[in-house]
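Trainee: Dropping the structure in here first, questions after.
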Amino acid sequence: MQDNTKRANRVIFWIKVIFILLAVFWLQFVFLAFISFFLSANLLMLFGGMLLVPFIFSFISVAIFFIPIFAFCVSYLSWLHRAVTNLRLLTTTKFSPMGAVLLTCIPFFGYFLNYFILGDMVRSQERYMQQKGILKKRFPKKILNAWIIASLVLLVLVFVDPSQLGFLTVVSTTFDIDGQHAFEFLEKTLVVIIPILYIMSFSAYANQEKELFRIHTEELFNKHVDDVIREREIMRAAERLRESRGLEPPHSNE
């Protein structure tokens, strides 16, 4: 069993970087929507130069957005393979280390399959820790479920015509805003919320994983100490037996 803490920390770091970029996009959208809603056409022309800055920043951000995504994918797959390998040294899982990696790599579907993979890892880890009596805090499954639900809602918003969603009519009437703007706001808000939910879920599992490794390492160390003590006791008993019979201690051949 190997320590997987550094891999988990790298995954969390790159998720946070992606979250920051998505949050910047969301704030940019809110800023542009605010200006277009409150300013008149003449003032919009006056602030046209100012509006050019967010668009330039958006272009630059999109250009560098693939770097953290690529780094996150590499870090996550490395962590996932080691995490499942560690679990299978202690208990059983439905997915093998390579199987979990290959399923996660499936375009589009791998994102949602990861929900079942992580859920199986959570059950296996908690079952083992509970049997050993070392489970201090349960994994927040509600947060993981909220992550997959938010992802599914975002999927619906991406592929469904906004005019077919009746609740947007209620929202636009209540707040006196355009239904399309309400649709875009909800979509971009979910894009920001989803990484937060996954960071919380992943961090909870990584903390349990770290605790399990620590306890497992202590058990191995204590077992090694017990073996050394037992070996020394056997040597002392053998020495006392030789002394009681008046035998010479064995000489090493040199």
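Trainee: Can you say whether ALA83 is more than 28 Å from LEU220 (Cα to Cα) and either under 17 Å from the mean Cα position of the chain (by Cα) or of a type in the set (Gly, Ala, Ser) (or both), as far as the supplied structure shows?
Mentor: no
Trainee: Mind telling me which of the residues GLY119, GLY110, GLY133 ends up being free of Cβ contacts under 8 Å to residues at least 12 places away in the same chain, closer than 17 Å to ASN207 by Cα and surrounded by fewer than 19 Cβ atoms within 10 Å (Cβ to Cβ)?
Mentor: GLY133
Trainee: Of GLU231, GLU211, which residue is over 18 Å from SER151 (Cβ atoms) and touching a helix residue (DSSP H, G or I) at 6+ places or on another chain (Cβ under 9 Å)?
Mentor: Selected residue: GLU211, the only one of GLU231, GLU211 that is over 18 Å from SER151 (Cβ atoms) and touching a helix residue (DSSP H, G or I) at 6+ places or on another chain (Cβ under 9 Å).
Trainee: (1) assigned to a helix (DSSP H, G or I); (2) modelled with pLDDT of 80 or more; (3) out of contact with any Asp or Glu (no Cβ under 9 Å at 6 or more places or on another chain): which one isn't true of PHE25, the others all being true?
Mentor: (2)
The values are calculated or read from the model by the stated rules, or taken from the named source; none is laboratory data. Computed from a predicted model, the values in this text were never measured in an experiment. No Cβ is skipped: glycine too gets one built from the backbone with ideal geometry, and neighbour counts run over all protein chains shown.
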